[in-house]
Amino acid sequence: MLHGACSMSCLFCITENTLSEMTPKQVEEVLEIIKGRDMESVVFGGGEPLQWRYSLSHSINLAKTMGLHTQVGTNGVGLTPNVIENLNADRYVIPLDSNNPQVHNYLRKGFRKHYDIIKGRLKYLTEGRIPFTISTVVCKINLDMLHEITAFLLHLWEKGARIHAWHLYRFLPLGRNGFKNADMLNISKNEYFDKTEEIKKRDLPFFVYRRPNMQLSKEVDFFWVEDGHIKIGSQVWREKKSPYCLCK
Ligand code: SF4
């Protein structure tokens, strides 16, 4: 997580305002930790990584020279063709929370026509045969809309999109917006697993990953800077025990 800043204000944003900016030197340190753990892939995220004031392409190149697969997890707003060419990441992670523009734009506050921007970015990535992953935050508002997103992704697939995976994140009542919007967005564990199971059963041509709580993931770790120091999610969250209980 390169920093916490973002020009959007999604209703479910779990980013903490306490995140500081990572320097390029700290990015290098994090990449060395990742390599030291024999991890294979790095996702540059935030906040919004394309608003990081240092050179993201430099950090991507460095990760590549270290043999890591590189991804950029972006809200898509700044992901113009020129930026894609300049970054040259192996894959991009793009949000889509509903195939209904009004619902998507309601959840993804900050750009009135964010849905249209995302559609444009996906068209470009599809036509350029550039790999991407879709992320969806599953919450009370879009819980019954996952099949419409599936239909749209299948349509892109038929057009040649190199969709690596679809990540279905369960809404968590955490962070700068998730906490305050919990009453409006929260879903139970059963609701989440029932609805996402319907999607898993469809045997789609790309991976479908359920992400009920990334803070508990054994495959993914998080790195950020707070008070000038690099923090590691697996240490911070597991020591504290996550404040969010999956049994709710
Ligand atoms: S969830 Fe939305 S507001 Fe939060 S960092 Fe991502 S794009 Fe920005």
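The values are calculated or read from the model by the stated rules, or taken from the named source; none is laboratory data. Note that the structure is a prediction, hence the values are computed from the model and not measured. All Cβ positions, even for glycine, are placed from backbone atoms using ideal geometry, and neighbour counts span all protein chains on display. The protein model used for the area step is the full one, side chains on, heavy atoms only, and it has no ligands, DNA or RNA in it. Shrake-Rupley method; radii C 1.70, N 1.55, O 1.52, S 1.80 Å.
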Note to self: Can you compute the modelled spin-label distance between residue 37 and residue 202, with each label point 7 Å from Cα toward Cβ, in nm?
What the structure shows: 3.2 nm
Check: Would you list 237, 224 from the most to the least accessible area, probe 1.4 Å?
Finding: 237, 224
Next item on the list: Leaving ligands, DNA and RNA out of it, work out the accessible area of residue 216 with a 1.4 Å probe and give it in Å² to the nearest 10.
Entry: 80 Å²
Notebook entry, point to check: Largest first, how would 220, 93 line up by accessible area (1.4 Å probe)?
Noted result: 220, 93
Note to self: How much length would be gained if the chain were fully extended between residue 151 and residue 189, taking 0.36 nm per residue of separation minus their Cα-Cα distance, in nm to one decimal?
What the structure shows: 11.2 nm
Notebook entry, point to check: For the range 1-86, what's the relative contact order in percent, using C-alpha pairs closer than 8 Å and at least 6 residues apart?
Noted result: 34 percent
Notebook entry, point to check: Under the Karplus relation 6.51 cos²θ - 1.76 cosθ + 1.60, θ = phi - 60°, what is the ordered set of whole-Hz ³J(HN,Hα) values for the range 122-136, x standing for Gly and Pro?
Noted result: 5, 5, 5, 5, 5, 5, x, 6, 9, x, 8, 10, 9, 10, 10
Notebook entry, point to check: Considering the zone a paramagnetic label at residue 109 would reach in this model (a point 7 Å from Cα along the Cα-to-Cβ line), which residues of the range 14-39 have amide N under 19 Å from it?
Noted result: 14-18
Notebook entry, point to check: From the Cα gyration tensor of the range 73-150, with a ≥ b ≥ c the square roots of its eigenvalues, which class applies: rounded if a/c is under 1.5, or else prolate if a/b is larger than b/c, or else oblate?
Noted result: prolate
Notebook entry, point to check: Where the accessible area of the range 1-155 is counted over protein heavy atoms with a 1.4 Å probe, how much of it, in %, is carbon and sulfur?
Noted result: 52 percent
Checklist line | R0 of 45 Å, Cβ-Cβ distance residue 230-residue 129: FRET efficiency to nearest 0.05 | finding: 0.80
Checklist line | 5 angstrom amide H check on residue 208, placed H, neighbours 5+ away | finding: 166
Margin query: With a 1.4 Å probe and all protein chains left in place, how much accessible area per residue does the range 91-248 have, in Å²?
Written below: 51 Å²
Next item on the list: Pop out the ³J(HN,Hα) list for the range 106-116 in order, Karplus 6.51 cos²θ - 1.76 cosθ + 1.60 with θ = phi - 60°, rounded to Hz; leave Gly and Pro as x.
Entry: 5, 6, 9, 6, x, 10, 4, 10, 4, 4, 5
Next item on the list: Would you grab the residues whose amide H sits under 5 Å from the one on residue 226? Only those 5+ places off in sequence or on another chain, please, with H modelled 1.01 Å from N.
Entry: 20, 231
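If you count, for each residue, the other Cβ atoms within 10 Å and average over each peptide, how do 14-20, 138-144 line up from highest to lowest?
Ranked by mean Cβ neighbours within 10 Å, highest first: 138-144, 14-20.
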Check: So in the range 136-244, what percent of DSSP beta bridges are antiparallel if you round to the nearest 5?
Finding: 35 percent
Note to self: Skipping prolines and chain starts, which residues have an amide H placed within reach, meaning under 5 Å, of the one on residue 15, given they are 5 or more residues away or on another chain?
What the structure shows: 176, 177
Margin query: With the crude spin-label approximation of a point 7 Å out along Cα→Cβ, what separation in nm comes out for residue 213 versus residue 62?
Written below: 3.3 nm
Check: Taking Rh as the Kirkwood radius, which is the inverse of the mean 1/r over Cα pairs, what is the Rg/Rh value for the chain?
Finding: 0.93
Checklist line | Within the chain, helix-based [θ] at 222 nm, where runs of 4 or more DSSP H residues each add -39,500 (n - 2.57), nearest 500 | finding: -10500 deg cm²/dmol
Check: Rounded if a/c is under 1.5, else prolate if a/b is larger than b/c, else oblate: which is the range 100-201, with a ≥ b ≥ c the root eigenvalues of its Cα gyration tensor?
Finding: oblate
Item checked: Near-label residues of the range 82-102 by backbone N, under 20 Å of a point 7 Å along Cα→Cβ of residue 55 -> 82-91
Next item on the list: Give me the percent of Cα-Cα pairs in the range 25-101 that sit more than 20 Å apart, rounded to a whole number.
Entry: 31 percent
Margin query: What FRET efficiency comes out for residue 9 versus residue 100 if R0 is 22 angstrom and r is the Cβ-Cβ distance? Round to the nearest 0.05.
Written below: 0.65
